1. Can you say whether Leu41 is assigned by TED's automatic domain parsing to the domain that holds His5 and touching a residue at least 24 places away in the same chain (Cβ under 8 Å), as far as the supplied structure shows?
2. Would you please list the contacts, defined by Cβ atoms under 9 Å and residues six or more apart or on different chains, that run from a residue in the range 75-101 that is aromatic (Phe, Trp, Tyr) to a residue that is away from the ligand (no atom under 11 Å from the Cβ) and part of a loop (DSSP other than H, G, I, E, B)?
3. Within the range 52-63, count every residue that is touching a residue at least 24 places away in the same chain (Cβ under 8 Å) and either touching a Phe, Trp or Tyr at 6+ places or on another chain (Cβ under 8 Å) or crowded, with 17+ Cβ neighbours inside 10 Å (or both).
4. Hey, among the residues in the range 20-48 that are out of contact with any Pro (no Cβ under 8 Å at 6 or more places or on another chain) and within 17 Å of Glu117 (Cβ to Cβ), which one's surrounded by the most Cβ atoms within 10 Å (Cβ to Cβ)?
5. Of all residues in the range 98-109, how many are near the ligand (Cβ under 7 Å from one of its atoms) and either under 16 Å from Asp13 (Cα atoms) or exposed (fewer than 11 other Cβ atoms within 10 Å of the Cβ) (or both)?
6. Criterion first (among the polar types (S, T, N, Q) and free of Cβ contacts under 8 Å to residues at least 12 places away in the same chain) does Ser66 satisfy it?
7. With respect to the numbered conditions (1) assigned to a helix (DSSP H, G or I); (2) more than 16 Å from the chain's Cα centre (by Cα), which one is the sole condition not fulfilled by Ser27?
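The values are calculated or read from the model by the stated rules, or taken from the named source; none is laboratory data. Note that the structure is predicted; figures quoted are calculated from it, not measured. Every residue, glycine as well, gets a Cβ built from its backbone with ideal geometry; the counts of neighbours run over all protein chains shown.
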Amino acid sequence: MLEAHYQAAPSIDVLNAITDVLLSRASTHSAAQSEALDRYLGHLQKHTSLMAASRWLTGERPGQASLPESVQKALEHATKPLARYRCAACGFEAKEHFWHCPGCQAWDSYPPKRVEEL
Ligand SMILES: [Zn+2]
């Protein structure tokens, strides 16, 4: 179901859900990890996305040291504003998806997409 949804509307949230399932169902964790990384790379070949690039960069690679914490923090800091939702009526941004905009009080004015994917 997630795959079908991703094919119809490829978003980082659906991709994250797919890789979560991959990692949770895997019998061999390292194979699942490299498959998850490949999925982010595949996404990046079609869509410019710092959120996907960050996931790819910070993903676990068996037998390799993970990125230094300072680098991970910098990536988190840079991607945080891109993961927000933005009201189409007034531009108010929030980390949660609202049905009723706290900025302009409009109803149903948040597209169900992250700022990076607008
Ligand atoms: Zn608004």
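1. no
2. Listed pairs, sorted by first residue: Tyr85/Lys95; Tyr85/Glu96; Tyr85/His97; Tyr85/Pro111; Tyr85/Pro112; Tyr85/Lys113; Tyr85/Arg114.
3. Result for the range 52-63: 4.
4. Tyr40
5. Result for the range 98-109: 0.
6. Yes: the conditions hold for Ser66.
7. Unmet for Ser27, out of (1) assigned to a helix (DSSP H, G or I); (2) more than 16 Å from the chain's Cα centre (by Cα): (1).
Condition check ((1) within 16 Å of the ligand (Cβ to nearest atom); (2) farther than 23 Å from Met1 by Cα; (3) in contact with a Leu (Cβ under 6 Å, 6 or more places away or on another chain); (4) part of a loop (DSSP other than H, G, I, E, B)) across all residues:
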{"site": "Leu23", "(1), (2), (3), (4)": "no, no, no, no"}
{"site": "Tyr40", "(1), (2), (3), (4)": "no, no, no, no"}
{"site": "Arg55", "(1), (2), (3), (4)": "no, no, no, no"}
{"site": "Glu60", "(1), (2), (3), (4)": "no, yes, no, yes"}
{"site": "Gln64", "(1), (2), (3), (4)": "no, yes, no, yes"}
{"site": "His77", "(1), (2), (3), (4)": "no, yes, no, no"}
{"site": "Cys90", "(1), (2), (3), (4)": "yes, yes, no, yes"}
{"site": "Glu96", "(1), (2), (3), (4)": "yes, yes, no, yes"}
{"site": "Pro111", "(1), (2), (3), (4)": "yes, no, no, yes"}
